[in-house]
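Colleague: Following this message is one structure expressed as structure tokens.
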Amino acid sequence: MTSRAELVRATTRRLAAAGLENAEREARLLVRAALHLSDLDLIARAEHAVDAGEAERVSAWTDRRLAGEPMARLSGRREFWSLDFALSPETLVPRPETETLVEAALEIYPDRATPLRVLDLGTGSGAILAALLMEWPNASGIGVDLSEGAARQARDNLARAPLGNRWAVMVGRWAEALDARFDLVVSNPPYIVSDEIDRLDIEVRVHDPLLALDGGPDGLIAYRAIADALPDLLAPGGHAILELGIGQQDAVAALLTARGLPPIGPAHRDLAGIARALVTRKP
């Protein structure tokens, strides 16, 4: 009978033969997720036998991974800011570079006791909003998403986090349904140029929702809508932080400056050195 350790080794060989990087690590993640195991179960009970159904499930998941499906889609979960988020087909997979927005926000408001009002436009899985509310226990926030499916998933994720009643999620197009002022507005909007989507990695172009990717002919449609709304959304002295695509800093800065909200210095860079989080402040 096949053991868990043997199943990991067999899966590693399949992934490595297909040229996947970090094949052993991916194999361990895949087996653990497919069999609903903890790290401890996989390590301490490596010689535990797997039945035919479990081996078949791992094989099927491996087929899907080799076809380009991301691990987060296979498992339906992704970690962000050390928090665990469930995903749905309508939500973007949270990515490490987006944590740059959270880091920038914490630099702006280092006092964790500050009673901030936060707005997350295009909230998706709710990852950014949840991370911020976890860091600021006296803050409250609203997430908005055009997709009803994404909004449902964000509600589920936020409800599972220990946030009490400090949050709400709405369905809407950016800030059109809002009549309120916020101390902080954050957004990771769709910013991929429409004609470039077909050239993205298969993990993104096939498995991430188009609504969360397509930024229009120049990649800036969402930024224009957000920039138009920010003067009325921000409280005096309030800040906005926008995630950027590669090479978009100058164009987005110009949009904000035209609305009387020039950015505060250059964008914060992610771990790859890419200008990622642009900050502005309402006087």
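Colleague: When only residues in region 125-145 that are surrounded by fewer than 24 Cβ atoms within 10 Å (Cβ to Cβ) and not hydrophobic (A, V, I, L, M, F, W, C) count, which is farthest from P110 (Cα to Cα)?
Modeller: Checking each candidate, the answer is S140.
Colleague: Could you list, ordered by first residue, the pairs with Cβ atoms under 6 Å in which the first is in region 228-241 and on the phi < 0 side of the Ramachandran plot and the second is among the acidic types (D, E) and modelled with pLDDT of 95 or more, at least 6 apart or interchain?
Modeller: A235/D183; G238/D183
Colleague: Let me ask something else about it. Could you check L261 against (1) touching a residue at least 40 places away in the same chain (Cβ under 8 Å); (2) of a type outside the set (D, E, K, R); (3) crowded, with 16+ Cβ neighbours inside 10 Å; (4) more than 30 Å from G68 (Cα to Cα) and say which number it fails?
Modeller: (1)
Colleague: For R25, all conditions in the list (1) touching a Leu at 6+ places or on another chain (Cβ under 9 Å); (2) outside the structural domain of A150 (by TED's automatic domain parsing) hold save one; what is the number of the exception?
Modeller: Only one criterion is unmet by R25, namely (1).
Colleague: Kindly indicate whether A240 is in contact with a helix residue (DSSP H, G or I) (Cβ under 7 Å, 6 or more places away or on another chain) and of a type in the set (A, V, I, L, M, F, W, C).
Modeller: Criteria met by A240.
Colleague: For region 162-210, what are the residues that are under 24 Å from L20 (Cα atoms) and β-branched (V, I, T)?
Modeller: I197, I202, V204, V206
Colleague: Taking the options I264, I192, name whichever one is over 21 Å from L92 (Cα atoms) and assigned by TED's automatic domain parsing to the domain that holds P89.
Modeller: I264
Colleague: For region 15-55, how many residues meet the condition of being buried (at least 17 other Cβ atoms within 10 Å of the Cβ) and over 14 Å from R4 (Cβ atoms)?
Modeller: The total comes to 3.
Colleague: Pick out, from region 187-283, the helices (runs of 4 or more DSSP H) lying fully within it that include 1 or more residues that are over 21 Å from the mean Cα position of the chain (by Cα).
Modeller: Correct list: 221-233, 249-258.
Colleague: Regarding region 56-77, can at least one residue be identified that is hydrophobic (A, V, I, L, M, F, W, C), under 17 Å from S187 (Cβ atoms) and surrounded by 16 or more Cβ atoms within 10 Å (Cβ to Cβ)?
Modeller: Scanning region 56-77, I find no residue that is hydrophobic (A, V, I, L, M, F, W, C), under 17 Å from S187 (Cβ atoms) and surrounded by 16 or more Cβ atoms within 10 Å (Cβ to Cβ), so the answer is no.
Colleague: Would it be correct to say that D84 is acidic (D, E) and surrounded by fewer than 17 Cβ atoms within 10 Å (Cβ to Cβ)?
Modeller: It is true that D84 is acidic (D, E) and surrounded by fewer than 17 Cβ atoms within 10 Å (Cβ to Cβ).
The values are calculated or read from the model by the stated rules, or taken from the named source; none is laboratory data. If you're wondering where the values come from, they're calculated on a predicted model, not measured in any experiment. Positions of Cβ are backbone-derived with ideal geometry, glycine not excepted, and every protein chain shown enters the neighbour counts.
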